[in-house]
Each structure stands twice: as structure tokens, then as C-alpha cells.
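Structure record follows, encoded as C-alpha cells.
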Amino acid sequence: MKYKALHKLSYGLYIISTSYSGRSYGYIGNTVFQVTSSPPQLAISCHKDNVSASKILKSKVFSVSVLQKETDTSLIGRFGFMSGDSIDKFSDISTITAVTGAPVVVDDTVAWFDCEVVSVTDAGSHLIIVGLIKESDLLSDEEPLTYAYYREKYKMLAPKNAPTYIEKTKLEEEGLQGKDKEAEEGEESADKDDMDTYTCSICGYRYDPAEGDPSSNIPPGTPFSELPEDYRCPVCNAEKEYFKKS
Ligand code: FE
């Protein structure tokens with residue numbers, strides 16, 4: 001099997017939310033697809049370990065927010081890489097409710113769907129949940145964020161619970177990390193101490209001094225040691241102490 005072939009499938013990035021017992025739950029998913037037009041139905045695929053998925057099974061409702069191309073990275077980090085057990089993912093986030101009562105995230109959102117669960121299929125590690133669209137809206141004409149754009153921009157692997165997750169070793173065997181290897185070889189010729197890259201242990205984002213971090217106004221050529229003490233991972237918002245030399 002050629003795992004690299006799976007990277008040729010196209011996806012978007014979405015925030016899938018629900019509420020149960022008075023509390024909101026949500027996560028970032030890349031597998032949302034329209035399955036029928038009449039009736040209008042969507043399907044989502046979510047990991048069985050996902051807390052939000054277990055709540056969707058109980059509440060029988062969920063919403064899907066389609067993220068815009070230039071989405072605030074802290075929003076992705078919060079919903080994609082942090083646990084609802086450690087932070088309130090919905091604090092300071094703008095939401096609305098429509099028909100089902102599920103919270104609908106509207107920050108950095110181009111369109112949303114409010115759905116009622118009509119069927120659940122056990123697909124092994126994941127559940128495929130089909131929802132009937134009860135309401136939807138288009139919020140802007142901005143381009144939606146694609147998974148390919150996200151992966152290229154942040155040079156990241158999928159979170160472990162994503163259906164598209166592939167073990168890093170399998171990708172390395174197929175030479176997918178060639179680009180990174182070239183970059184590392186280039187760094188060796190530079191001042192080695194100053195050019196070490198650091199990887200966020202929470203989400204896998206790699207800070208490369210040669211590139212800096214434009215999203216945090218860190219110019220190229222800034223060593224990790226010279227980042228401000230309050231620097232945070234642009235993807236998951238983790239503090240500097242979570243970064244390990246890579
Ligand atoms: Fe991170």
C-alpha cells in the first residue's frame with residue numbers, strides 16, 4: 001500500500017460542535033462531506049476517543065463551521081490540539097444557535113450547518129455520523145481553508161485522532177520527509193547553535209529560525225532562545241516551555 005496516495009485526497013477543515021447537559025464541546029475535523037442532496041445530509045467521521053463524538057451520540061445534534069483560508073491559528077490549536085478537560089474551548093469564542101441548539105462557531109467561519117443525527121456507522125477506530133441539515137448559512141465569500149493548504153503552511157502531520165493520520169515512520173519510509181531533510185542539511189552549514197529548530201510537543205509545529213514566525217511578527221533569523229518569554233505556539237497556543245529541540 002502507498003500511504004502517500006492518501007495525501008492526494010482533498011479535504012477542508014471544520015469545527016464540529018455540540019452541546020450536552022449544558023456544556024459545549026467541539027473539535028477540528030477534516031472529514032465532513034455531503035452524502036445526499038435530497039434530503040440534504042452531511043457525514044462526519046470522528047474518532048471514538050474524541051470527547052465531542054461521545055457527546056454528539058448523546059445529544060444527537062451537531063454543527064459544522066467551515067473555516068476560512070486564513071484562520072487564526074490559535075482557533076485551530078484550541079479546537080484541534082487541546083483537550084476540553086484542560087481548557088474551556090468556547091471561552092471568548094463567538095457562537096450562535098440555530099434550530100437544534102448545538103453551538104455554531106462563527107469566528108473565522110465562511111459557512112455553517114446545523115444538523116440532527118440520523119445514523120451512526122461503526123467504522124473501526126472512527127464513527128461515521130450522518131446528519132440531516134436543519135439549517136445553514138453563508139457568512140462570507142472568503143475562500144475556505146483546505147487541509148492541503150494547512151498542511152503545507154504549517155508542515156504538520158494530522159493529529160492522532162484524525163481519520164487521515166498516518167504514522168510518521170510510514171511517511172518517512174516513503175521519503176515524504178525529504179523536504180525537511182534538505183532543510184536540516186542546509187542548517188548544518190549555518191551557525192549550528194543559533195539555527196536549531198524546535199518542535200511544539202503538543203501539536204508538532206516546528207519553529208525554524210531561518211523562517212521566523214510571521215504570524216507572531218518574529219522575523220527570519222531569530223534563534224529560538226531569543227524569542228520573547230511570552231511567545232506561544234502559533235498553532236496550538238502552547239507556551240515556549242512545550243517546545244523541544246528537534
Ligand atoms: Fe503547538
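Structure data summary
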| item | result |
| --- | --- |
| C-alpha long axis of helix 178-188 to longest principal axis of the chain, angle in ° | 30 |
| CD proxy at 222 nm, helix term only [per DSSP H run n ≥ 4: -39500 (n - 2.57); per residue of the chain; nearest 500] | -5000 deg cm²/dmol |
| GluC sites (Glu not before Pro) restricted to the range 76-144 and DSSP loop, no more than 10 other C-beta within 10 Å | none |
| Gyration tensor (alpha-carbon) shape descriptor, the range 1-155, a/c threshold 1.5 | rounded |
| Free-standing Cys, the chain [no other Cys Cβ under 4.7 Å] | Cys46, Cys115 |
| Residue pairs, from the table Lys89/Lys245; Lys4/Lys69; Lys58/Lys170; Lys48/Lys89, whose Cα atoms sit over 30 Å apart | Lys58/Lys170 |
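All of the numbers you see were taken from the coordinates with simple rules; none came from a lab. Source: prediction; values computed, not measured. We place every Cβ from the backbone using ideal geometry, glycine too, and count neighbours over all the protein chains shown.
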